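Only one structure is covered here, and it is reproduced in the block below.
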Amino acid sequence: MKEELQAIESEALAAVEKAEDSQALQEMKVKYLGKKGSLTTVLRGMGKLSKEERPVIGELANNVRASITEALDAKTEKLEREALDKQLETETIDVTLPGNPIHVGGRHLLTSIMEEIEDLFIGMGYEVKEGPEVETDYYNFEKLNLPKNHPARDMQDTFFITNELLLRTQTSPVQARTMEAYQGNRPIKMICPGKVYRRDTDDATHSHQFRQIEGLVVDKNITLSDLKGTLDVFAKKMFGKDRKIRLRPSFFPFTEPSVEMDVSCKVCNGEGCSVCKQTGWIEILGGGMVHPRVLEMSGYDSTVYSGFAFGMGQERIAMLKYGVNDIRHFYTNDVRFLSQYHQA
Ligand code: 2NL
């Protein structure tokens with residue numbers, strides 16, 4: 001029996017040594033150590049042994065079982081390690097391949113335009129101020145010399161919340177509030193960017209909600225030439241140093257005199273083309289000298305103080321500067337449109 005056990009051991013160890021995969025090892029485990037395995041079969045004959053022989057053979061059988069088990073485990077581990085090594089070798093990662101792109105967002109074109117205009121005026125000493133979009137009839141209209149039933153209100157029909165509360169049609173109420181807060185005894189140099197609302201039918205160039213930037217300068221001895229010089233700097237910084245400006249007479253209830261400013265067309269350099277409708281000029285903004293009544297209503301003595309004011313649509317500036325042909329592109333937020341201007 002001793003010889004039989006030793007024969008099983010050496011046969012098993014040799015077989016394990018030769019095994020090439022885990023399935024073969026599994027089969028060997030059954031063949032040598034299983035319930036119907038050769039070791040078990042030999043041990044069944046133990047009953048025939050003498051009292052003295054039994055513990056000796058028992059111990060030997062345990063040792064054989066242990067040595068086969070150990071060999072099986074060691075071989076299993078070896079095969080697994082080899083498989084992993086092979087996998088690592090064949091599945092090498094090429095670290096020089098480009099990675100998956102990470103999509104980084106960017107500023108909306110209207111935001112970058114606003115910041116560009118703000119920076120330009122901050123550079124000239126202006127403060128940036130904001131105010132409510134839901135305004136009173138008083139600050140939006142009355143304070144700007146647009147009394148109830150004034151015909152110019154038609155141009156600025158808006159969304160009324162009550163008879164006295166409305167969505168502002170311009171950002172000038174922010175300036176009216178500032179003038180009022182300063183009590184007529186402090187100079188003012190400010191711009192106010194923000195959303196404004198009008199009753200309008202949306203199309204390529206109109207929107208019921210858009211953005212304005214208005215500017216206001218109030219001090220002693222402010223003249224129309226100060227306005228013209230300021231707007232000239234603005235036009236050149238915004239559209240290029242070769243641009244010229246011209247002022248045309250206009251009308252606004254809150255300024256007197258009132259002007260509209262054109263910038264020479266940068267597409268044809270003033271020669272006349274389809275962009276400027278053959279005129280060589282493109283209308284950019286409106287402005288004028290603050291109406292004395294507007295100054296007086298907020299406590300400024302119009303015989304001592306004077307001021308200029310102007311207002312422009314941010315969308316219009318962006319459309320002209322970047323050749324955008326439909327204002328609705330700004331609001332539909334298609335990334336194929338927006339991403340083109342992320343460096344702007
Ligand atoms: C436009 C262009 C303009 C003003 C805005 C203004 C503000 C105060 C006093 C006087 Cl507090 N004027 N702002 C002036 C002229 C034009 O915006 O086309 N507006 C309808």
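No lab work stands behind these numbers, since they all come straight from the coordinates. Because the structure is a prediction, the values reported are computed rather than measured. When we count neighbours, we look across all protein chains shown, and the Cβ atoms used for this are built from the backbone with ideal geometry, even at glycine.
How much net charge surrounds Arg316 when only the other residues with a Cβ under 13 Å from the Cβ of Arg316 are counted, with Lys and Arg +1 and Asp and Glu -1?
Combined, the nearby Lys, Arg, Asp and Glu give -3.
Ranked highest first by the average count of other Cβ atoms within 10 Å around their residues, in what order do 161-172, 113-124, 145-156 fall?
Ranking the peptides 161-172, 113-124, 145-156 by packing returns 161-172, 113-124, 145-156.
Quick one: divide the alpha-carbon radius of gyration of the range 37-79 by 2.2 N^0.38 Å and tell me what you get.
Output field value: 1.44.
Where does the range 191-275 land on Rg(C-alpha)/(2.2 N^0.38 Å)?
The value comes to 1.29.
Among Gln26, Leu60, Met114, whose Cα lies farthest out toward the positive end of the dipole of the range 1-135, if unit charges sit on the beta carbon of Lys, Arg (+1) and Asp, Glu (-1)?
Value: Leu60.
Quick one: Karplus J couplings for the range 127-136, per residue in order, coefficients 6.51, -1.76, 1.60, θ = phi - 60°, nearest Hz, x for Gly and Pro?
8, 9, 10, 10, x, x, 7, 8, 10, 8
Hey, could you get me the Stokes-Einstein D for the chain, Kirkwood radius over alpha-carbon pairs, 37 °C and 0.692 mPa s, rounded to whole µm² s⁻¹?
In µm²/s, the coefficient rounds to 121.
Between beta-carbons, use under 14 Å as the cut-off and find the net charge around Gly240, counting Lys and Arg +1, Asp and Glu -1.
+4
Applying the Karplus parametrisation 6.51 cos²θ - 1.76 cosθ + 1.60 with θ = phi - 60° to the phi angles of the range 257-270, what ³J(HN,Hα) value in whole Hz is obtained for each residue in order, glycine and proline being reported as x?
Ordered by residue, 3J(HN,Hα) equals x, 10, 9, 10, 10, 10, 10, 4, 5, 7, 6, 10, 6, x Hz.
Looking at the chain only, what percent of DSSP beta bridges run antiparallel? Nearest 5 please.
Of the beta bridges lying entirely in the chain, close to 95 percent run antiparallel.
Net charge near Leu120: determine it from the other residues with C-beta under 11 Å of the C-beta of Leu120, scoring Lys and Arg +1 and Asp and Glu -1.
Residues close to Leu120 contribute a combined charge of -2.
What are the extents of the Cα atoms of the range 2-90 along their three principal axes, listed from largest to smallest and rounded to whole Å?
The Cα atoms of the range 2-90 stretch 59, 19, 16 Å along their principal axes.
Rounded to a whole number of µm²/s, how large is the Stokes-Einstein D of the range 47-193 at 4 °C and 1.567 mPa s, given Rh as the Kirkwood radius over C-alpha pairs?
It diffuses with D of about 53 µm²/s by this estimate.
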